[in-house]
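The values are calculated or read from the model by the stated rules, or taken from the named source; none is laboratory data. Because the structure is a prediction, the values reported are computed rather than measured. The protein model used for the area step is the full one, side chains on, heavy atoms only, and it has no ligands, DNA or RNA in it. Shrake-Rupley method; radii C 1.70, N 1.55, O 1.52, S 1.80 Å.
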Amino acid sequence: MSEIVNLCGLWASKDKNGNAMMSGKLSFSSKVFVFKNSNKKKESEPDYFLKIAANEKEEPKVQEVQENIF
């Protein structure tokens, strides 16, 4: 088995319908969500779905990041 790489942390919360979910920031431009498959009918269907979305916040400009570092 190849080495496992940690991509991001996930935080547990609830979606707008009150269902348990997890979310995390993958990068400046994307975030991920994990949702339980609430429509699972067969054992062959997945238990969870991993979804990715564009991050709504604007990526910081390089100059702003450099100013905050120094």
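Given the options Ser13, Ser27, Ser2, name the one that is open to solvent by less than 60 Å² (accessible area, probe 1.4 Å), more than 9 Å from the chain's Cα centre (by Cα) and modelled with pLDDT under 95.
Details: Ser13 fails: modelled with pLDDT under 95; Ser2 fails: open to solvent by less than 60 Å² (accessible area, probe 1.4 Å).
None of the other options fit; the residue is Ser27.
Kindly provide the set of residues from segment 30-43 that are open to solvent by 70 Å² or more (accessible area, probe 1.4 Å) and either β-branched (Val, Ile, Thr) or not in a strand (DSSP E or B) (or both), ordered by number.
Passing the criteria: Ser38, Asn39, Lys41, Lys42, Glu43.
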